[in-house]
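For reference, the structure is listed below as structure tokens.
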Amino acid sequence: MENSKKVIYEIKHLRKSFGKVEVLKDISMKIENGEVCTIIGPSGSGKSTFLRCLNLLEKPTGGELWFEGKRVNEKTDVKMLRRDVGMVFQSFNLFPMFTAVENVMYAPIHIKKIPRSQAREEAMELLDRVGLAERADYYPGELSGGQQQRVAIARALAMKPKMLLFDEPTSALDPELVGDVLTVMKEVALAGMTMAVVTHEMQFARSVSNHVVFMDKGYIVEEGNPEDIFTHPKEERTQTFLKRLL
Ligand code: ADP
Ligand code: MG
């Protein structure tokens with residue numbers, strides 16, 4: 001029981017500026033092992049920047065990051081960190097000249113040095129898990145956006161990460177393709193993956209996540225469980241944001 005509550009990522013007074021513009025202002029929070037944390041808030045509030053700091057796609061300008069009890073800073077082996085903390089982007093970012101299965105196999109072969117045959121076998125299992133086994137030999141350009149995003153999730157899982165970051169994974173999709181991607185994400189969550197998800201899908205935030213963080217203008221305005229945030233928001237800014245979505 002104690003172990004399931006272990007903090008996997010701790011963020012202390014994180015700050016990030018681009019030039020003179022401070023985009024993240026004193027962000028502190030903890031992400032527990034196995035939790036699904038959704039990050040919501042208006043456009044431009046710093047959600048993507050925050051997520052990108054967690055795997056050092058952006059370099060923090062202040063504060064401390066602690067992943068599994070170890071400091072994440074300029075001395076961190078970025079390759080190792082990104083093996084443990086995977087990321088799924090809004091725009092999928094698949095390699096266009098590789099088939100679906102080759103996309104999923106690539107990092108295990110080249111970064112983890114796993115034998116090709118084993119990497120292919122594991123990649124096929126993952127494509128099956130995201131419902132795309134029969135599309136294994138298709139190129140990204142031959143797949144719908146939703147299918148490409150499911151390949152991207154399989155690709156992230158192929159590295160056997162300890163945690164996955166999702167930055168608006170369904171925002172670029174036609175509405176009818178969103179559901180399949182959210183279903184896959186829900187299954188990944190139920191399998192126990194620790195996830196931090198920036199999303200506008202409030203139904204997902206409400207029903208799948210157990211930790212909701214509302215950000216505005218570079219601050220965490222309010223955080224709590226879905227019931228706290230969606231049913232009993234305390235802060236006026238949270239209330240206004242949620243009302244606008246109705
Ligand atoms: P969100 O994901 O909540 O929409 P972002 O983290 O993308 O917000 O952006 C927050 C603010 O930081 C925005 O004003 C944006 O213009 C600015 N910003 C983001 N990335 C950069 C960058 N690389 N250089 C300069 N400004 C940036
Ligand atoms: Mg963003």
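Against the test of being touching a helix residue (DSSP H, G or I) at 6+ places or on another chain (Cβ under 8 Å), among the basic types (Lys, Arg) and in contact (Cβ under 8 Å) with a residue 40 or more places away in the chain, the options Arg155, Arg150, Arg206 yield a single qualifying residue, Arg155. Among the residues of region 106-163, those identified as among the β-branched types (Val, Ile, Thr), modelled with pLDDT of 95 or more and outside any helix (DSSP H, G or I) are Ile114, Val130. For the condition crowded, with 21+ Cβ neighbours inside 10 Å, outside any helix (DSSP H, G or I), touching a Gly at 6+ places or on another chain (Cβ under 7 Å) and not aliphatic (A, V, I, L, M), Phe166 does not qualify.
Going by the structure shown, is Gly46 crowded, with 21+ Cβ neighbours inside 10 Å and within 25 Å of Met202 (Cα to Cα)? Considered against the rule, which asks whether it is crowded, with 21+ Cβ neighbours inside 10 Å and within 25 Å of Met202 (Cα to Cα), Gly46 comes out as yes. Pairs linking a residue in region 69-93 that is farther than 20 Å from Arg15 by Cα to a residue that is part of a loop (DSSP other than H, G, I, E, B) and of a type in the set (Val, Ile, Thr), with Cβ atoms under 7 Å and 6 or more positions apart or on different chains, are Lys79/Ile111; Arg83/Ile111. Where strands (runs of 3 or more DSSP E) fall wholly inside region 19-92, the ranges with 1 or more residues that are of a type in the set (S, T, N, Q) are 21-32, 36-40.
In region 122-143, the residues that are without any contact (Cβ under 8 Å) to a residue 24 or more places away in the chain and closer than 9 Å to Val104 by Cβ form Cβ pairs under 9 Å with partners that are in a loop (DSSP other than H, G, I, E, B) and of a type outside the set (D, E, K, R), at six or more places apart or across chains, as follows: Met124/Ala136. Regarding region 211-225, can at least one residue be identified that is part of a helix (DSSP H, G or I) and either closer than 27 Å to Lys6 by Cβ or out of contact with any helix residue (DSSP H, G or I) (no Cβ under 7 Å at 6 or more places or on another chain) (or both)? Among the residues of region 211-225, not one is part of a helix (DSSP H, G or I) and either closer than 27 Å to Lys6 by Cβ or out of contact with any helix residue (DSSP H, G or I) (no Cβ under 7 Å at 6 or more places or on another chain) (or both), which makes the answer no.
Here is the figure for region 173-222: residues that are more than 16 Å from ligand 2 (Cβ to nearest atom), small (Gly, Ala, Ser) and surrounded by 14 or more Cβ atoms within 10 Å (Cβ to Cβ) total 2. If I filter region 178-195 for residues that are part of a strand (DSSP E or B) and within 21 Å of Asn33 (Cβ to Cβ), do I get at least one hit? For region 178-195, residues part of a strand (DSSP E or B) and within 21 Å of Asn33 (Cβ to Cβ): present.
The values are calculated or read from the model by the stated rules, or taken from the named source; none is laboratory data. Everything quoted here is computed from the prediction, not taken from an experiment. Neighbour counts run over all protein chains shown; Cβ positions are idealised from the backbone, glycine included.
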